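Remarks on the structure that follows.
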Amino acid sequence: MAKLLRLVSPLRPFELAPIITISLVFVASPFLLPSYQTAIAFDVLRYACLAMALNLFYGLLGYVNFGQVAFYGLGGYAVAIFYKFLGVPMPLAPLLGGILVAGIAYALALPLLRTRGIYFVIATLGLAETIRLIFLKINFLGGSYGIVILTTYELFEAYYTLLAVFASLVALTYIMLKSDIGVKLRAIGEDEEAAESMGVDTTKYKRLAFTLSGFFTGLVGGIFAWLATYVSPETVFGLTTTIEMYIVVLIGGAGTVLGPFIGALVYYLSKISLLVYYPEAHLLIFGVLLMLTVRFVPRGLVGTFEWVARRRRIVKLRGGSFVEG
């Protein structure tokens, strides 16, 4: 039987040193920070996890999925149903919600991924809006008013559950980038026809990336619902959430391990700071900053750093200067 995963480059633990250090800081944060700062750390992790889940699909494959928020909202409502109506305890409810969303993503992947480019964008955007409108009409789930999840505010438990998801995403992203799966996904993103001609089962790998992305996004949506104790179509199916995921990935660097976290940190702290000091013009200022980032650092902060480092290594091996390379 062929191996499901084959490494194409060696695993080097020291490459994960920055993200491991960051994770240890977040492990200690609830014991060192007051509750409101721990809540801020939770939101940074939430943005990072959402961006990393999107990065598994968009960052490696290059497909723009504007229906990503549908997975987030379905994960939130799944927790409401499992916990309130079926009595499933936390944090098992978010996990089951993530698995349910993964099944839905797997089923939707085949028809959706038959389209490409702008047609795929429109199809996924239409899917997310359709799901939002459906939940607006489901009366036993509160309709447009949403539903209250009868649980207590458990910041400590939800925080460490989300941190475990973050660690899982870091490990999965790193392994995928080092494996033949990552190579095949990048090949599909570069030229799908050429990848098919080389024997790559493009449908299989696109479906895998889509399903994994849906699973982790649904899982994060479920953890958010657990902590918020409330979900509604407007809070968990809003298009703004998808846009924020893409902003975070673009700032940090698509297709990188550390990029989504750096992007989440920069985006969230910038968003809060601008909202506090420039409440009337914070969206305009942030929009300008984002345009400058995309214009002058198109690979993102981490992506640009990795590109420069690779260029320097290549030039050093050739015996030239960086400018010459």
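The values are calculated or read from the model by the stated rules, or taken from the named source; none is laboratory data. None of the values given here were measured: they were computed from a predicted structure. Every residue, glycine among them, receives a Cβ derived from its backbone with ideal geometry; neighbour counts consider all protein chains shown. For the accessible areas, the whole protein counts, side chains as well, though only heavy atoms, and no ligand, DNA or RNA atoms are used. Shrake-Rupley method; radii C 1.70, N 1.55, O 1.52, S 1.80 Å.
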Considering only protein heavy atoms and a 1.4 Å probe, what is the carbon-and-sulfur percentage of the accessible area of segment 214-325? 68 percent
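Suppose the chain between residue 16 and residue 284 were pulled fully straight at 0.36 nm per residue; how much longer would it get relative to their current alpha carbon spacing?
92.9 nm
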Using the basic label-point model (7 angstrom from Cα toward the beta carbon), what is the residue 243 to residue 121 distance in nanometres? 1.4 nm
Most mobile of 200, 302, 79 in a GNM of the chain (Cα contacts under 10 Å): 200
About the Cα centre, and with charges only on the beta carbon of Lys, Arg (+1) and Asp, Glu (-1), how big is the dipole of segment 197-325? Nearest 20 debye, please. 780 debye
I need to check one value: relative contact order of the chain, counting alpha carbon pairs closer than 8 Å and at least 6 residues apart, in percent. 30 percent
Neighbour cut-off at most 16 other Cβ (10 Å), DSSP loop, chymotrypsin sites (Phe, Trp or Tyr not before Pro), segment 139-187: 153
Hz values of 3J(HN,Hα) by residue in segment 288-294 - Karplus curve (6.51, -1.76, 1.60), Gly and Pro given as x: 5, 4, 5, 4, 5, 5, 5
I'd like the FRET efficiency for residue 296 and residue 140, computed as 1/(1 + (r/R0)^6) with the beta carbon distance as r and R0 of 35 Å, rounded to 0.05. 0.10
I need the phi-derived Karplus couplings for segment 261-278: 6.51 cos²θ - 1.76 cosθ + 1.60, θ = phi - 60°, integer Hz, Gly and Pro marked x. 5, 4, x, 5, 5, 5, 5, 5, 5, 5, 4, 5, 5, 5, 5, 6, 8, 9
Would you work out which of 93, 145, 82 lies farthest towards the positive end of the dipole of segment 64-200? Charges go on Cβ: Lys and Arg +1, Asp and Glu -1. 145
Counting only trypsin sites (Lys or Arg not before Pro) that are in a DSSP loop and have at most 13 other C-beta atoms within 10 Å, tell me the longest site-free stretch of the chain. 138-325
Rounded to a whole number, what % of the accessible area of segment 47-87 do carbon and sulfur atoms account for, probe 1.4 Å? 63 percent
Return the calculated 222 nm mean residue ellipticity for the chain, to the nearest 500 deg cm²/dmol, obtained by summing -39500 (n - 2.57) across DSSP H runs with n ≥ 4 and dividing by the residue count. -23500 deg cm²/dmol
Taking amide H positions as placed 1.01 Å from N in the peptide plane, with prolines and chain starts having none, which residues 5 or more places from residue 230, or on another chain, fall under 5 Å of its amide H? 149
Accessible area of the chain divided out per residue, in Å², using a probe of 1.4 angstrom: 50 Å²
Mind jotting down the distance between the C-alpha centroids of segment 135-200 and segment 222-275, whole Å? 13 Å
Measuring from label point to label point, each 7 Å out along Cα→Cβ, what is the residue 7 to residue 167 span in nm? 2.0 nm
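Between residue 272 and residue 312, take the C-beta separation as r, use R0 = 30 Å, and let me know the FRET efficiency to the nearest 0.05.
Values: r = 35 Å, r/R0 = 1.17.
Here the calculated transfer efficiency is 0.30.
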Leaving ligands, DNA and RNA out of it, report the carbon-plus-sulfur percent of the accessible area of segment 154-212 at a 1.4 Å probe. 60 percent
Distance violations [Cα-Cα > 23 Å] among 137/204; 137/206; 178/204: 137/204; 137/206
Please state the charge dipole magnitude for the chain, taken about the Cα centre, from unit charges on C-beta atoms (+1 on K and R, -1 on D and E), reported in debye and rounded to the nearest 20. 800 debye
Size of the dipole of segment 1-117 about the Cα centre, Lys and Arg at +1 and Asp and Glu at -1 on the beta carbon, nothing else charged, in debye to 20? 380 debye
In degrees from 0 to 90, rounded to the nearest 10, what is the angle of the helix 17-32 Cα long axis to the longest principal axis of the chain? 30 degrees
Along the positive direction of the dipole of the chain (beta-carbon charges: Lys, Arg +1; Asp, Glu -1; about the Cα centre), which of 56, 134, 183 reaches farthest? 183
